[in-house]
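This report refers to the structure that appears directly beneath it.
The values are calculated or read from the model by the stated rules, or taken from the named source; none is laboratory data. What you see is a predicted model, and the numbers here were worked out from it, not measured in a lab. Neighbour counts are summed over all protein chains in view; Cβ atoms, including those assigned to glycine, are modelled from backbone coordinates with ideal geometry.
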Amino acid sequence: MPADLIVLRPQGLYCPVGDFYIDPWRPVDRCVITHAHSDHARRGSGHYLAHTDSAGTLRARLGEGIALQTLAYGEVVEHQGVRISLHPAGHVLGSAQVRLEHGGQVWVASGDYKLEADGTCPPFEPVRCHTFITESTFGLPIYRWPARAELEAEINAWWQVNAAAGRASVLYGYAFGKAQRVLRGVDAGIGPIVAHGAVEPLNAVYRAAGVPLPPTLRATDPSLTKTDLKRALVIAPPSAAGTPWLKRFGEHSDAFASGWMLVRGARRRRGVDRGFVMSDHADWPGLQRAIGATGAERIIVTHGSTEVMVRWLCEQGLDAQVFATEYGQDDATEDADAAAPDTATPAAAPEPTPDPAAPEAAP
């Protein structure tokens with residue numbers, strides 16, 4: 001049998017024949033990065049390869065001077081006999097699945113992904129392979145996302161009611177990816193949109209990549225009156241909650257956008273008025289469809305509800321195993337701290353038997 005194209009090392013996922021890593025969590029000489037969330041893209045490596053649309057965010061987060069090589073989707077580069085190409089993951093701007101081909105084997109490392117197109121990045125494209133490395137952040141049957149149109153209508157209706165009552169609508173969502181998804185779907189005719197200082201630079205990255213977002217203002221913009229601030233939709237990272245920055249909006253309604261909002265108790269732990277079920281990761285049916293579409297007979301699960309996913313895959317007759325990775329541990333990028341001990345209890349579904357492999361990581 002040929003040697004595995006990707007193995008697990010203390011530094012991360014390693015391609016021995018090519019002598020490079022994929023999304024390493026320790027500094028290495030050469031690596032391929034699936035996307036710019038900080039649990040997948042970390043400082044200190046000697047050379048980075050990523051999708052073209054990740055360049056701005058990677059340089060902002062890892063340093064302007066990093067040695068960065070970029071590829072378009074589908075473009076192939078060969079390194080030590082390994083053919084490497086990147087393919088849309090549908091997660092955030094620039095997110096990519098990494099396809100490796102060598103010696104008749106094809107492996108795909110997916111990073112993080114979701115299946116429903118949201119207009120902020122190219123949608124997920126299944127890539128045929130022999131071995132597929134997948135996440136399983138929401139790998140429990142309770143996780144099933146509402147349709148995009150339904151979710152956007154809920155957010156707009158919430159904002160409209162608040163604006164009519166003279167209350168600002170503060171919506172917490174992570175600055176890279178989640179905030180831009182919210183912006184892409186809101187009705188800018190309801191009122192002004194204010195973006196927190198952590199969000200606005202990333203909005204600029206999306207706009208530069210050609211993603212149409214409605215106009216946004218900083219809270220200090222001199223054109224905003226007190227009346228405007230009381231009708232505004234305010235997009236802010238979770239770290240803004242409870243800070244003096246919010247005082248300028250006066251009495252307001254707040255909400256949190258996260259896949260964990262499907263879970264009973266998550267909104268209460270966040271201490272917000274509303275929870276909107278929005279995730280940049282595949283839900284349970286999405287994971288099943290994505291894995292099936294690859295045609296892979298061997299599946300490696302990296303993070304999330306790994307035991308549940310592996311058990312289900314084995315029941316389907318597939319060869320499945322776990323790579324214990326450090327992905328999903330940085331809640332500055334995603335919604336890890338919104339997941340609490342009762343993540344096995346859904347908000348609106350029959351309560352399943354609690355499972356020891358409940359979600360471990362970020363959404």
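Has region 220-227 got at least one residue that is in contact with a helix residue (DSSP H, G or I) (Cβ under 6 Å, 6 or more places away or on another chain) and modelled with pLDDT of 95 or more? Within region 220-227, not a single residue is in contact with a helix residue (DSSP H, G or I) (Cβ under 6 Å, 6 or more places away or on another chain) and modelled with pLDDT of 95 or more. When we screen 94, 74 for residues that are within 23 Å of the chain's Cα centre (by Cα) and either aromatic (Phe, Trp, Tyr) or farther than 21 Å from residue 13 by Cα (or both), the only hit is 74. Restricting 229, 233 to those that are within 17 Å of residue 182 (Cβ to Cβ) and touching a residue at least 40 places away in the same chain (Cβ under 8 Å) reduces the list to 233.
Residues checked against (1) closer than 30 Å to residue 28 by Cα; (2) surrounded by 20 or more Cβ atoms within 10 Å (Cβ to Cβ):
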site: 78; (1), (2): yes, no
site: 93; (1), (2): yes, yes
site: 97; (1), (2): yes, yes
site: 107; (1), (2): yes, yes
site: 113; (1), (2): yes, yes
site: 122; (1), (2): yes, no
site: 132; (1), (2): yes, yes
site: 157; (1), (2): no, no
site: 165; (1), (2): no, no
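Scanning region 93-112 for residues that are out of contact with any helix residue (DSSP H, G or I) (no Cβ under 8 Å at 6 or more places or on another chain) and outside any strand (DSSP E or B) yields 103, 104, 111, 112.
For region 247-336, the strands (runs of 3 or more DSSP E) that sit wholly inside it and include 1 or more residues that are farther than 23 Å from residue 162 by Cα and touching an Asp or Glu at 6+ places or on another chain (Cβ under 9 Å) are 298-304, 319-322. No other residue among 13, 115 is closer than 27 Å to residue 295 by Cβ, at pLDDT 95 or above and either assigned to a strand (DSSP E or B) or touching a Ser or Thr at 6+ places or on another chain (Cβ under 6 Å) (or both) apart from 13. Which of the residues spanning region 217-243 are closer than 19 Å to residue 175 by Cβ and either assigned to a helix (DSSP H, G or I) or not assigned by TED's automatic domain parsing to the domain that holds residue 169 (or both)? Answer for region 217-243, where residues must be closer than 19 Å to residue 175 by Cβ and either assigned to a helix (DSSP H, G or I) or not assigned by TED's automatic domain parsing to the domain that holds residue 169 (or both): 238, 239, 240.
In region 62-75, the residues that are over 15 Å from residue 30 (Cβ atoms) form Cβ pairs under 6 Å with partners that are in a helix (DSSP H, G or I) and polar (S, T, N, Q), at six or more places apart or across chains, as follows: 72/52.
None of 231, 181, 167 is in contact with a His (Cβ under 6 Å, 6 or more places away or on another chain) and closer than 29 Å to residue 269 by Cα except 167.
Screening region 49-76 for residues that are in contact with a Lys or Arg (Cβ under 8 Å, 6 or more places away or on another chain) and assigned to a strand (DSSP E or B) and picking the one that is surrounded by the fewest Cβ atoms within 10 Å (Cβ to Cβ) gives 76.
Just one of the listed residues (272, 308) is out of contact with any helix residue (DSSP H, G or I) (no Cβ under 8 Å at 6 or more places or on another chain), assigned by TED's automatic domain parsing to the domain that holds residue 166, among the hydrophobic types (A, V, I, L, M, F, W, C) and touching a residue at least 60 places away in the same chain (Cβ under 8 Å), and it is 272.
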